[in-house]
1. If you go through region 223-277 one residue at a time, how many are within 25 Å of Lys74 (Cβ to Cβ) and open to solvent by less than 30 Å² (accessible area, probe 1.4 Å)?
2. Restricting the search to region 146-159, which residues are in contact with a Gly (Cβ under 9 Å, 6 or more places away or on another chain) and either among the β-branched types (Val, Ile, Thr) or more than 16 Å from Asn118 (Cβ to Cβ) (or both)?
3. Please enumerate the residues belonging to region 105-127 that are open to solvent by 80 Å² or more (accessible area, probe 1.4 Å) and within 19 Å of Met233 (Cα to Cα).
4. Could you tell me which of the residues Ala287, Ala254, Ala259 is of a type in the set (A, V, I, L, M, F, W, C), modelled with pLDDT of 85 or more and not in a helix (DSSP H, G or I)?
5. Restricting attention to region 229-249, report how many residues are more than 19 Å from Leu207 (Cα to Cα) and either without any contact (Cβ under 8 Å) to a residue 24 or more places away in the chain or over 27 Å from the mean Cα position of the chain (by Cα) (or both).
6. What do you reckon, is Ile18 modelled with pLDDT of 70 or more and either exposed (fewer than 10 other Cβ atoms within 10 Å of the Cβ) or of a type outside the set (Ser, Thr, Tyr) (or both)?
7. Criterion first (modelled with pLDDT of 85 or more, within 30 Å of Tyr59 (Cβ to Cβ) and open to solvent by 10 Å² or more (accessible area, probe 1.4 Å)) does Tyr296 satisfy it?
8. As an exercise: evaluate Thr209 against (1) modelled with pLDDT under 85; (2) within 24 Å of Ala230 (Cβ to Cβ) and give the number of the one condition it does not meet.
Amino acid sequence: MINKRRKSGFVLLITVIIASVITTIVLASSQTISTSNKLMSQHFELNRLEHTAKSAINYALGIINQNDEAVNIKDLSINIDGIACKLNIICDNGKININNLIATDNKSNDQYVTIMSNLIRSYNKRYPDDKITYDFIPALVDAIDTDNDIENLKIFGRSYIGAENKYYRQKGLPQCKNNKLTDLSEIYFIKDFTGANKNSFNYLADLLTVKNTGKIDINSANPEVISSLAVNMADEKARLLSVIDKDAKYTTVADFIAAAELDISDSNNLAGILTAAPKKIYYTVTAECTDRGQKYQLKADISNNKDIYVIDKYIK
């Protein structure tokens with residue numbers, strides 16, 4: 001009788017263990033299926049957002065195709081297949097090409113050094129707690145010239161040393177590439193200028209370019225670029241001279257110089273580096289699409305030969 005009870009208890013114990021194991025397996029399987037379904041749903045949503053962002057980039061291309069002149073559009077809201085998108089079409093011809101800091105003789109270009117100096121001084125006045133060192137300029141010159149000589153530039157009465165001096169080697173900073181920059185993020189190697197300087201980088205990213213834009217297009221230059229073209233140009237005057245957001249344009253560079261009332265030295269320096277009618281137009285286009293709390297941002301380079309190059313994407 002006792003043996004029967006023991007056997008019965010043992011069978012019950014085994015049954016309970018087996019049932020527990022089966023329950024655990026079922027629950028784990030259900031959780032795996034649920035997680036898998038969730039991942040599949042997220043993957044599908046990201047694919048949908050990516051497709052929509054690409055459609056938004058093509059929408060921007062359509063706008064560019066309809067305009068022979070440079071287009072600048074910020075925060076354009078569009079709806080594609082029920083998904084809200086924000087579109088920015090920024091003409092890069094109105095920006096300062098930092099590769100032009102080097103002249104054809106492999107020496108620093110005085111005109112662009114002056115413009116960059118004015119730009120940094122203007123920024124430092126606006127943001128005294130997040131200043132950009134003037135080392136930025138000779139460092140860029142050293143980075144893109146083809147020799148190993150240390151650049152030494154005098155800016156506003158003080159000397160600044162380039163990026164081929166021993167400071168960069170001692171600090172273990174990236175060495176100069178001695179070639180033109182191909183991406184704006186490469187400026188992060190410069191002394192005291194790191195990824196932590198988000199405000200200053202964003203400021204410069206809006207005003208500088210590394211694309212082959214040649215001369216600065218005065219019709220698509222924003223007030224900050226315009227103010228850098230002359231020493232101590234007032235911000236209000238620069239805003240009045242900028243036509244980027246106005247239904248107007250300069251027919252010739254001479255029109256701008258007359259409107260700006262620049263002195264003879266500034267006029268002579270600028271005449272050769274400005275244009276009012278660029279032959280090739282470059283754009284940075286950003287499409288940010290949002291759906292169900294997810295954001296997908298796509299950035300692309302577009303030129304007026306209608307080529308599109310995706311350069312960056314961001315998922316949040």
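1. Looking only at that region, the number is 16.
2. Within region 146-159, the first condition is being in contact with a Gly (Cβ under 9 Å, 6 or more places away or on another chain), and the residues that meet it are 149-153.
If the condition is that a residue be in contact with a Gly (Cβ under 9 Å, 6 or more places away or on another chain) and either among the β-branched types (Val, Ile, Thr) or more than 16 Å from Asn118 (Cβ to Cβ) (or both), then Asp149, Ile150, Glu151, Asn152 are the ones that fit.
3. First, pick out the residues of region 105-127 that are open to solvent by 80 Å² or more (accessible area, probe 1.4 Å): 105, 107, 110, 125-127.
Scanning region 105-127 gives Asp110, Lys125, Arg126, Tyr127.
4. Values: Ala254 fails: not in a helix (DSSP H, G or I); Ala259 fails: not in a helix (DSSP H, G or I).
Answer to the selection: Ala287.
5. Restricting attention to region 229-249, the residues satisfying the condition of being more than 19 Å from Leu207 (Cα to Cα) are 247-249.
Keeping just the survivors that are either without any contact (Cβ under 8 Å) to a residue 24 or more places away in the chain or over 27 Å from the mean Cα position of the chain (by Cα) (or both) gives 247-248.
Adding up the residues that qualify gives 2.
6. Numbers: modelled with pLDDT of 70 or more: yes; either exposed (fewer than 10 other Cβ atoms within 10 Å of the Cβ) or of a type outside the set (Ser, Thr, Tyr) (or both): yes.
Answer is yes for this residue.
7. On the way: modelled with pLDDT of 85 or more: yes; within 30 Å of Tyr59 (Cβ to Cβ): yes; open to solvent by 10 Å² or more (accessible area, probe 1.4 Å): no.
So Tyr296 fails the test.
8. It fails just one condition, (1).
The values are calculated or read from the model by the stated rules, or taken from the named source; none is laboratory data. Here the structure is a predicted model, which means the values were calculated and not measured. We place every Cβ from the backbone using ideal geometry, glycine too, and count neighbours over all the protein chains shown. SASA here: full protein model, heavy atoms, side chains in, ligands and nucleic acids out. Shrake-Rupley method; radii C 1.70, N 1.55, O 1.52, S 1.80 Å.
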